[in-house]
1. Do we find that residue 75 is surrounded by 16 or more Cβ atoms within 10 Å (Cβ to Cβ) and assigned by TED's automatic domain parsing to the domain that holds residue 303 in this structure?
2. Would you point out the residue of region 216-238, among those that are in contact with a strand residue (DSSP E or B) (Cβ under 6 Å, 6 or more places away or on another chain) and assigned to a loop (DSSP other than H, G, I, E, B), that is surrounded by the most Cβ atoms within 10 Å (Cβ to Cβ)?
3. For residue 62, work out the one condition from (1) closer than 30 Å to residue 147 by Cβ; (2) more than 20 Å from the chain's Cα centre (by Cα); (3) crowded, with 23+ Cβ neighbours inside 10 Å it doesn't fulfil.
4. Just a yes or no: is a residue in region 241-263 within 30 Å of residue 107 (Cα to Cα), touching a residue at least 40 places away in the same chain (Cβ under 8 Å) and assigned to a strand (DSSP E or B)?
5. If you check 333, 350, 271, which single one turns out to be in the same structural domain as residue 192 (by TED's automatic domain parsing), assigned to a loop (DSSP other than H, G, I, E, B) and surrounded by fewer than 18 Cβ atoms within 10 Å (Cβ to Cβ)?
6. In region 146-159, what residues are touching a strand residue (DSSP E or B) at 6+ places or on another chain (Cβ under 8 Å) and in a loop (DSSP other than H, G, I, E, B)?
7. Residue under question is residue 134, and the condition is that it be assigned by TED's automatic domain parsing to the domain that holds residue 98, under 25 Å from residue 72 (Cα atoms), touching a helix residue (DSSP H, G or I) at 6+ places or on another chain (Cβ under 9 Å) and not in a loop (DSSP other than H, G, I, E, B); does it hold?
8. So which residues in region 138-161 are crowded, with 17+ Cβ neighbours inside 10 Å and over 24 Å from the mean Cα position of the chain (by Cα), if there are any at all?
């Protein structure tokens with residue numbers, strides 16, 4: 001017998017979506033509803049809560065099949081706009097990762113170690129409809145005799161192109177500071193000496209896995225907003241580590257769960273897949289991702305009503321913990337309401353804060369996803385297997 005007063009199924013909610021009767025709200029909107037009516041009434045009245053996040057996600061990339069040539073080629077090495085792609089998959093299949101920099105990058109020639117253009121920019125150019133120069137080299141075989149290929153391609157003419165991101169939508173992340181006496185350049189942005197600033201990277205109360213902290217509704221087969229199109233969660237993400245310290249609301253107080261996701265590039269938009277370069281770190285891509293949370297019962301409604309002031313993360317010294325390796329040492333905790341205020345108190349002084357993710361874009365993703373569901377254009381995916389709630393090493 002269920003311990004809950006409300007018991008809905010995804011199939012029932014999908015039927016309401018088909019009939020245009022589903023009640024859909026964003027993760028911001030559910031907060032006030034639960035506060036006013038309580039989790040039971042909220043779960044009875046609301047069917048889906050939409051979430052969103054828009055931030056740099058380095059563990060991302062795309063598979064492409066550029067089609068057979070005459071005569072045929074079995075690519076051994078490949079480049080897209082001079083960015084190396086991995087060709088050790090099959091004859092004309094390649095994978096381009098977003099952190100791979102262009103060879104002979106003009107910025108790198110002037111400032112060694114700095115890069116202006118990489119795999120994320122290639123992906124953005126392709127979804128924007130721009131032509132991209134493909135180069136491929138091969139050793140030649142009887143059935144694949146061609147040894148060189150150079151041609152412009154567009155997303156329209158390639159056989160297949162799909163985003164496959166091994167690790168996206170981190171469930172919470174560090175607040176980064178620098179306690180050394182020099183400026184450092186990291187994937188968390190530029191950090192000024194002696195805790196001159198603090199950077200963070202999460203949408204907080206809008207972020208997908210913050211709203212379903214124990215993965216009660218999210219799993220393999222969950223349909224999502226990805227890069228402006230519809231995609232799917234296909235596995236737990238790399239570094240998925242839910243076995244971390246959690247608050248009484250079950251939200252992890254540091255980096256925990258992650259998602260591995262897939263979607264058709266031909267549906268996507270350059271607004272939601274944006275190539276980026278970080279000074280002193282390199283290339284990446286800013287990814288737009290949103291997950292619908294079906295309110296199956298009052299417990300999930302309570303989880304989805306999480307507020308920024310109830311989500312805590314750890315302050316980490318990036319001048320020490322990351323260069324030295326080993327377990328990171330927390331210098332304290334801070335919540336997202338404090339981070340989003342523009343300053344936090346740390347080491348006896350006020351420290352300015354800056355987000356690497358865009359809250360306004362996350363809000364827009366949640367609104368788009370809400371609209372898709374209300375119009376019947378987006379049905380919920382029934383998870384075939386839930387995400388693990390313990391660390392993969394313990395599975």
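The values are calculated or read from the model by the stated rules, or taken from the named source; none is laboratory data. Bear in mind that the values here come from a model prediction, so they are computed numbers and not experimental data. Counting neighbours? That spans all protein chains shown, and the Cβs are built from the backbone with ideal geometry, glycine included.
1. Values: surrounded by 16 or more Cβ atoms within 10 Å (Cβ to Cβ): yes; assigned by TED's automatic domain parsing to the domain that holds residue 303: no.
Considered against the rule, which asks whether it is surrounded by 16 or more Cβ atoms within 10 Å (Cβ to Cβ) and assigned by TED's automatic domain parsing to the domain that holds residue 303, residue 75 comes out as no.
2. This residue is 227.
3. Just one mismatch for residue 62, condition (2).
4. Initial filter on region 241-263 (within 30 Å of residue 107 (Cα to Cα)): none.
For region 241-263, residues within 30 Å of residue 107 (Cα to Cα), touching a residue at least 40 places away in the same chain (Cβ under 8 Å) and assigned to a strand (DSSP E or B): absent.
5. From the options 333, 350, 271, the qualifying one is 271.
6. We begin by selecting, within region 146-159, every residue touching a strand residue (DSSP E or B) at 6+ places or on another chain (Cβ under 8 Å); these are 146-155, 158-159.
Residues satisfying the conditions are 147, 154, 155, 158, 159.
7. Values: assigned by TED's automatic domain parsing to the domain that holds residue 98: yes; under 25 Å from residue 72 (Cα atoms): yes; touching a helix residue (DSSP H, G or I) at 6+ places or on another chain (Cβ under 9 Å): no; not in a loop (DSSP other than H, G, I, E, B): yes.
No.
8. So in region 138-161, the residues crowded, with 17+ Cβ neighbours inside 10 Å come out as 138, 144, 146, 153, 155, 158, 161.
Scanning region 138-161 gives 138, 144, 146, 153, 158.
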